[in-house]
Amino acid sequence: MTKIHREIYGEGRPLVMIHGWAMHSGVWREFARQLAEHKQVICLDLPGHGRSDGVNSFTLPEIGAALLEAIPVPKFSLLGWSLGATVAIDMASRFPERVESLLLLAGNPKFVQCDDWPGVKFEVLDAFESLLSNDVRLTLMRFLALQVNGLPDGKRLLQLMKHAMQECEPPSVEVLRSGLDILERSDLRAALKHLRCPCSIVLGDRDKLVPIGCGLALKALKPEIDVHVLENAGHVPFLSHAPRLLDILRTIP
């Protein structure tokens with residue numbers, strides 16, 4: 001059994017939160033504590049991230065299985081941010097008897113753009129993968145900067161993210177590359193379309209990684225999905241738009 005680090009706050013209906021690439025639960029600890037005034041919040045570190053042990057192969061099936069064993073409740077709502085959103089869609093598809101509702105935070109079922117779907121350009125992720133071989137910390141710092149680039153309070157947000165990241169050693173290069181590979185290759189549009197649980201997505205209109213066009217594309221794919229757009233928000237709305245995001249999450253069963 002893989003040891004998965006978890007942090008649990010509050011009481012009430014459980015909400016499991018899964019962070020993004022290269023991060024750990026510390027990045028949204030303050031936000032989780034605020035949310036815990038209304039729910040039981042269970043934050044998990046992805047395998048090989050933060051304080052969690054690694055898995056044999058950092059793939060969606062192994063990630064989901066390891067995380068599921070660490071969730072101490074039989075049923076829960078599931079929130080995934082960025083890479084965590086990809087993991088969350090896969091988990092909701094594989095374990096529908098456990099997941100009662102799904103929220104994607106700055107996530108995309110097909111992260112990389114193609115002719116019929118908006119997303120980040122493949123070259124962006126490929127550049128990070130190439131840079132990993134030379135300097136892991138520089139790669140991570142550039143990735144953090146991209147998430148807040150152009151925002152009015154970008155410098156403050158960047159400092160918050162840097163501080164959180166430095167709390168733990170970064171994941172191994174192998175795990176980081178595997179995470180990028182998941183983002184580059186996964187296409188979970190069909191899985192999301194056929195989910196029976198309620199689904200929502202929160203997008204920032206200034207996100208450099210998940211374009212605002214995903215909202216319309218997701219509505220066309222799955223008309224019943226709830227789409228929320230935050231003005232002047234980038235890829236980290238739990239830091240930049242916490243009060244508005246809390247309002248949205250309070251409405252989820």
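Read the figures in this text as sums done on the coordinates, not as results from a lab. Remember, it's a predicted structure, so these values are computed and weren't measured experimentally. Positions of Cβ are generated from backbone atoms using ideal geometry, with glycine treated the same way; all protein chains shown enter the neighbour counts.
Tabulated values for the structure
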item	result
Part-to-part distance (alpha-carbon centres) for segment 85-127 and segment 186-252, which is given in Å	10
From phi via Karplus (6.51, -1.76, 1.60), per-residue ³J(HN,Hα) for segment 99-115 in Hz, x at Gly/Pro	8, 8, 7, 10, 10, 9, 10, 6, x, 8, x, 10, 5, 9, 5, 9, 4
Highest-fluctuation residue, GLY215, GLY107, GLY154 considered, GNM on the chain with Cα pairs under 10 Å	GLY154
Per-residue [θ]222 nm for the chain (sum of -39500 (n - 2.57) over DSSP H runs n ≥ 4, rounded to 500)	-12000 deg cm²/dmol
Per-residue HN-Hα couplings for segment 12-24 [Karplus 6.51, -1.76, 1.60; θ = phi - 60°; Hz; x = Gly/Pro]	x, 5, x, 10, 9, 10, 10, 6, x, 4, 6, 9, 7
Within segment 87-235, percent of DSSP bridges classed antiparallel, to nearest 5	10
Where labels lie 7 Å past Cα in the beta-carbon direction, separation of VAL73 and VAL136 in nm	3.4
ASP116-GLU167 FRET efficiency (beta carbon distance; Förster radius 45 Å; 0.05 resolution)	0.65
q = 0.28, 0.31 Å⁻¹, segment 209-253: log10 I(q)/I(0) [Debye, one scatterer per Cα]	-1.09, -1.12
Nitroxide proxy distance, nm - points 7 Å out along Cα→Cβ at HIS38 and ILE212	2.4
Kirkwood Rh, angstrom, the chain [1 / mean 1/r, Cα pairs]	17.9
Relative contact order of the chain, defined on C-alpha pairs under 8 angstrom at six or more residues apart (%)	21
Among PRO14, PRO223, PRO47: highest mean-square fluctuation, GNM of the chain, C-alpha pairs under 10 Å	PRO223
Net lengthening on full extension, ILE8/ARG250 (0.36 nm per residue, minus Cα-Cα)	85.4 nm
Length gained when the stretch ASP205-VAL229 is fully extended (0.36 nm per residue, less Cα-Cα span)	8.0 nm
Under-5 Å amide H pairs with LEU103, H placed in peptide plane, nonlocal only	LEU78, LEU79, GLY80, SER200
Considering only segment 1-137, percent of DSSP beta bridges that pair antiparallel, nearest 5	25
Magnitude of the charge dipole, segment 6-250, Cβ model with Lys/Arg +1 and Asp/Glu -1, debye to 20	460
5 angstrom amide H check on LEU230, placed H, neighbours 5+ away	LEU203, GLY204, ASP205
